[in-house]
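The values are calculated or read from the model by the stated rules, or taken from the named source; none is laboratory data. What you are looking at is a predicted structure, and each value in this text was computed from that prediction instead of being measured. A quick note on method: Cβ atoms are made from the backbone with ideal geometry, for glycine too, and the neighbour counts reach across all protein chains shown. The area values use the complete protein model at the heavy-atom level, side chains included, leaving out ligands, DNA and RNA. Shrake-Rupley method; radii C 1.70, N 1.55, O 1.52, S 1.80 Å.
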Amino acid sequence: MEEDPHEPAETASSPPAASSQGPEPSGAHPPAGPTPDDDIFEPVSLGNPDDAPATADSVRSPTSDNLNRSSGADTASDSSPSATAAAELHDSLYADMHTSPPYSPSGSELGLSPSSGSFDSYLSPVGSPTKPRAKPAMPDIPPELVHLVDAAIMGKAESIEKLKSMVSDGGDFGDVSRSVVDALLVTMGGVEGLDDTGTRASVNPPNVMSSSRAALVAAELIPWLPWEGDSETHMSPRTRMVKGLLLILRACTRNRAMCSAAGLLGVLLQSAEKIFVDSIDRVPWDGTPLCRSIQVLAGHSLSVIDLHRWLGVVKKTLKTDRATPLILALEKAMRSKETRGPACTFEFDGESSGLLGPGESRWPFSNGYGFATWIYIESFADTLNSATSAAAIAAAAAARSGKTSAVSAAAAASALAGEGTAHMPRLFSFLSSDNHGLEAYFHGQFLVVEVGGGKGKKASLHFTYAFKPQSWYFVGLEHTSKLGLLGKAESELRLYVNGNLHESRPFEFPRISKPLAFCCIGTNPPPTMAGLQRRRRQCPLFAEMGPVYIFKEPIGPERMGRLASRGGDALPCFGHGAGLPWLATNDHMRSLAEENSMLDAEIGGSLHLLYHPSLLCGRFCPDASPSGAAGVHRRPAEVLGQVHVASRVRPAESMWALAWGGPLALLPLTVSNVQIDSLEPVTGDFPMSLATASLSAPIFRIISSAIQHPGNNEELCRARAPELLSRILHYLLQTLSMQELGKQNGLSNEEVVAAIVSLCQSQKNNHTFKVQLFGTLLLDLKMWSLCNYGLQKKLLSSLADMVFTESSAMRDANALQMLLDGCRMCYWIIREKDSVDTFSLHGAPRPMGEVNALVDELLVVIELLIGAAPSSLAANDVRCLINFIVDCPQPNQVARVLHLIYRLVVQPNTSRAHTFAQSFILCGGIETFLVLLQREAKAGNHNILDNFRVSAADNASADVSRKVSTGGEPKSQDDELESPEQKEYGSQEESTKFGSLNANNSSFKVSLGTNIERMTSASDNQLLKNLGGISFSISADNARNNVYNIDNGDGVVVGIITLLGALVSSGHLKFNSNAVSESPSSSILSIVGPEEGNSMFEDRVALLLFALHKAFQAAPQRLMTTNVYMALLAAMTNVSSTDDGLNMYDSGHHFENLQLLLVLLRSLPYASRAFQVRAIQETIFYEARSPILA
């Protein structure tokens, strides 16, 4: 529409980076402008299009329609300006299109045999490309070899066999193999950047290959090509051929579509099998470029046959190092960028292609407009310098015919000189006969909308979103026009990217009075149609484009987002019975069908034109809008130039069609051996177990990608995938837990966990199925308990990360109870009937520091899970914790759960803290304290660790462990002033660092420290903490290898006192205030009369204090420790936390809970002398500062 792209109206608001070009594929061909040769152009006069030679029709396929026919067959008699303009456009366009024979190394045309079924023979609707192409430089090759290559490309089997023999043994023409490689690459169209050693990105647009049959021959010759001599500066013939194919495939989608339709993927897989499996000497050739070529081509389209062959190659290469690259290539193909786009697309070549919609007798966009499509831009650059090519054609035609004009000469000279021309590919152009209307084009990587109204008024708006080449986007444009309150027009232009409103800016809507003459998609009207104005050029789009929606009014952000989310595969249906939701096979498909039907009904009234690639037939694409589908108006879009349709089969679809169960067919690749009778997986020989274990994580990731396909999702549900995956995972974790395998398989623990997490999170549509995956794969700690510490820690860390995003699924999977049960079953100190061995299959010593560290990690997950739940679930969660505390005999776990409840009660959110405190009391928290204290009193001074038998061989390790856990810490008064009894007890405790416990007639070995390999030197700076009787020693270098998280036997009492003090300080518990004035003989259980407020609850509180006193009396050596004393001191002074220590000299601290003080004082006679001295000294200090006992 704009005559000069560099006028201020078009560039005033261009962003600074608008002219920057995106990175282009390295396989592009240089767009050097060809010098016009008289022998490749037919005489044509641009001034007289009617004199076009008859050869213009020769480019049409026999099934194509008449090019001169109007786009609307039922309006043939229409003499409107739009119909006349459309006819003039076709005449002028196809008068300038002429065929040139494709280049052949032998100088002859590479014709097709009648039986050939390759892509080149049937996909192009108008024959070979009509644009003049730059001929690649032909290397110096003997003519005999050139003719042999030509014959092989023609499909002669004997020629191919002769070529194989020649390239494998050298032949009679010197370096035959390299000459054959060069000849084939030149026949395919040449490869840019193949010999470049630098990393400079190509600035040229991608080059469309000339012959896919040459690629087939090249792929078949790969196993026979020599591979020796590869280095950083030199490529062997095999490597050169494979890398050349890779660059060609990466160049553009057109190349991949041609090769895919020709069957190149199957040939590449056969070559890979010959090299990786059938090769006698198993040559050490780097097959990475070959795997990448397979990956790139499969990412475009993967048939079921090719997928089956691919998995067969993987199976045959299991015992080699080639299986992992092949399965990784399949995974990357599943996640390819191309899989995000529609399965059927228009291919615009960037030369002269586009769609020409019908004209209208009036301007259809009086109330605004909307445009939506899916687009994959191959390049923003000028493809092969189409302006220079067009000018060369015009100059040659004028020279031949002798007819020329000042206008055509000026245009040719301007184009050849590149005067003021910038390539700005058009997304669409809606123009009237006088060149007014709307255009959207790309200025660099930025989208620009330009409007032109009457009296030469033009304006443009540059959006700021930077589109990237070779990426799929959903692009939506809306231009609103409505009257404001004061009658002033309010116009707004909106840009949608991938369904989201990216930018909305005021922009005047043009008022067009003349009818719509040109409705171009992917291009603008060529210069011949617009009178060949000076400095104007055609700017076609080099891109893939999905369905094109053109609306005669805006549809709004909500509908635009729904249109983007359903994807470009949907072909809308309108009218009664559209959608057919009752034909869906499951609830998800039924929901999708209903949503699509509702969306179609909502947008049907606003839809002006709808062109879907799957409907393209010959040179016309019918209109699928309500009026076009109903036959009210026949308004097909006509093809300009060459528009191909790329149809692809996504890898996920082939995975669904591969076998019963869909992606579950990959699971046998993770199993090394099975039992003959039950078919249960069992560990096989070492090489096979090594190979199958290395494939497990990629296969799980492939399943997580394939599950997005509705068919695969249904297959997994039908095949009871959670149970099957659980069996496979349990077998796999057993295999990984083998020490010798874990050191050599090269598979990191984090990769396995991340793959399982990805698999569980990938389910988006079936909540019930997702809950089953979480319950069987992630929350079953028994299955993971055989793995090493690092893997289990990674699992628990991943669960913690998922709490807020997957809270609903974890809640429905009963994660809280499952994690608590798994904690008791796996991370135990006292063996129970259902306890399982952890960390090892061979009964090795249990590293207790790591066991307790995993308990801490697990309780972090539980705390986050409880915190993310609504307040209405607080009572149930607290009841679950209390039940666990009462039933669990593991002191290490009970102490930590008590500390967890304490954190819930003292959290900063006072409302939730109050809720948890009330829930704890109402659910039997006080009674739970009584049960725990009774258990502690019955245990007496006997510490569970005292029963462990000392192993002489382990004494050294125990000593080092003890030194690290206590080294560098200043001695307390208890250490300096120990009673003889406590010294004797301490010596007994120090001498029992290893032992065995007999419980439930079972024995096991427990290591209080980790082995010497995981210990650091004494000079390492360590962070020492003392939290609730749990001692941590964490090295900054490696936390996993330096965990000394050992219990001292007093953690449960410390937890009780800490939580009790928090409840008292927050006002949820009150002690009997009259107990202080009672005589000692009446003790704390003095009963107060009903008139003074006594109640059953107060009796339980008083009984709790009595039970605490009795516990101290029964086990003074184990319970009356520094940790317990500090917890009592904090509770008596209402200090909320002792994490950072307690400064007893702070003037703000004084005794407030006298009942706890009385418990301490009455228990002092049973304590050690050091404990007595410290308690009495600090009691006197506090009393002297703030007398309360007078």
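Taking the criterion of being open to solvent by 30 Å² or more (accessible area, probe 1.4 Å) and small (Gly, Ala, Ser), the residues of segment 595-617 that qualify are Ser597, Ala601, Gly605, Ser614.
Residue by residue, here is whether (1) closer than 13 Å to Ala218 by Cα; (2) open to solvent by less than 10 Å² (accessible area, probe 1.4 Å); (3) at pLDDT below 50 holds:
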position: Ala134; (1), (2), (3): no, no, no
position: Ala137; (1), (2), (3): no, no, no
position: Val176; (1), (2), (3): no, yes, no
position: Leu184; (1), (2), (3): yes, yes, no
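Of all residues in segment 794-813, those that are closer than 9 Å to Val771 by Cα have Cβ atoms under 8 Å from Cβ atoms of residues that are open to solvent by less than 10 Å² (accessible area, probe 1.4 Å) and outside any helix (DSSP H, G or I), 6 or more apart or on another chain, in Met810/Leu779; Met810/Val803; Arg811/Ala869; Ala813/Leu779. Among the residues of segment 750-781, just one is over 17 Å from the mean Cα position of the chain (by Cα) and modelled with pLDDT under 90, namely Asn766.
Within segment 590-603, residues that are at negative phi reach partners that are of a type in the set (Phe, Trp, Tyr) with beta carbons closer than 8 Å, at six or more positions or on different chains, in the pairs Arg590/Trp582; Asp600/Phe574; Ala601/Phe574; Ile603/Tyr549; Ile603/Phe551. Of all residues in segment 653-712, exactly one satisfies the criterion of being touching a residue at least 60 places away in the same chain (Cβ under 8 Å) and farther than 30 Å from Ser303 by Cβ, namely Pro687.
Within segment 505-518, the set of residues being assigned to a strand (DSSP E or B) and touching a helix residue (DSSP H, G or I) at 6+ places or on another chain (Cβ under 9 Å) comprises Leu516, Ala517, Phe518. Annotation: of all residues in segment 425-476 being open to solvent by 30 Å² or more (accessible area, probe 1.4 Å), of a type in the set (Gly, Ala, Ser) and at pLDDT below 90, the one that is nearest to the chain's Cα centre (by Cα) is Ala459. Taken across segment 857-866, residues that are outside any helix (DSSP H, G or I), farther than 19 Å from Ile1057 by Cα and either modelled with pLDDT under 90 or among the aliphatic types (A, V, I, L, M) (or both) do not occur at all.
Scanning segment 860-881 for residues that are among the aliphatic types (A, V, I, L, M) and open to solvent by 10 Å² or more (accessible area, probe 1.4 Å) returns Val860, Leu864, Ala868, Leu873, Ala875.
Residues of segment 335-354 that are under 24 Å from Leu571 (Cβ atoms) and assigned to a loop (DSSP other than H, G, I, E, B): Ser336, Gly341, Pro342, Ala343, Ser353.
The residue list Leu640, Leu679 contains one member that is open to solvent by 30 Å² or more (accessible area, probe 1.4 Å) and more than 23 Å from the chain's Cα centre (by Cα), which is Leu679. Just so you know, in segment 297-327 the residues that are more than 27 Å from Gly567 (Cβ to Cβ) and aliphatic (A, V, I, L, M) include one that is nearest to the chain's Cα centre (by Cα), and it is Ile327.
Determine which member of the set Ala913, Ala937 is surrounded by fewer than 19 Cβ atoms within 10 Å (Cβ to Cβ) and touching a Lys or Arg at 6+ places or on another chain (Cβ under 6 Å). That would be Ala937, the only listed residue that is surrounded by fewer than 19 Cβ atoms within 10 Å (Cβ to Cβ) and touching a Lys or Arg at 6+ places or on another chain (Cβ under 6 Å). When Cys787 is tested against (1) in a helix (DSSP H, G or I); (2) crowded, with 20+ Cβ neighbours inside 10 Å, exactly one condition is not met: (1). Residues in segment 223-241 that are surrounded by fewer than 24 Cβ atoms within 10 Å (Cβ to Cβ) and out of contact with any Pro (no Cβ under 7 Å at 6 or more places or on another chain): Pro223, Trp224, Trp227, Glu228, Gly229, Asp230, Ser231, Glu232, Thr233, His234, Met235, Arg240.
A quick yes/no check of all residues on (1) of a type in the set (S, T, N, Q); (2) over 21 Å from Thr735 (Cβ atoms); (3) touching a residue at least 40 places away in the same chain (Cβ under 8 Å):
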residue	(1), (2), (3)
Ser762	yes, yes, yes
Leu777	no, no, yes
Gly790	no, no, yes
Ala815	no, yes, yes
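The residues in segment 280-302 that are open to solvent by 40 Å² or more (accessible area, probe 1.4 Å) and more than 20 Å from Arg701 (Cβ to Cβ) can be counted, and the count is 5.
Take the residues in segment 303-337 that are in contact with a Pro (Cβ under 7 Å, 6 or more places away or on another chain) and open to solvent by 40 Å² or more (accessible area, probe 1.4 Å), then tell me which one is modelled with the highest pLDDT. Among those residues, the one meeting the criterion is Leu328. None of Ala381, Ala372 is assigned to a loop (DSSP other than H, G, I, E, B), of a type in the set (A, V, I, L, M, F, W, C) and open to solvent by less than 20 Å² (accessible area, probe 1.4 Å) except Ala381. Which of the residues that make up segment 761-803 are in contact with a Pro (Cβ under 6 Å, 6 or more places away or on another chain) and among the hydrophobic types (A, V, I, L, M, F, W, C)? If the condition is that a residue be in contact with a Pro (Cβ under 6 Å, 6 or more places away or on another chain) and among the hydrophobic types (A, V, I, L, M, F, W, C), then Leu773 is the only one that fits.
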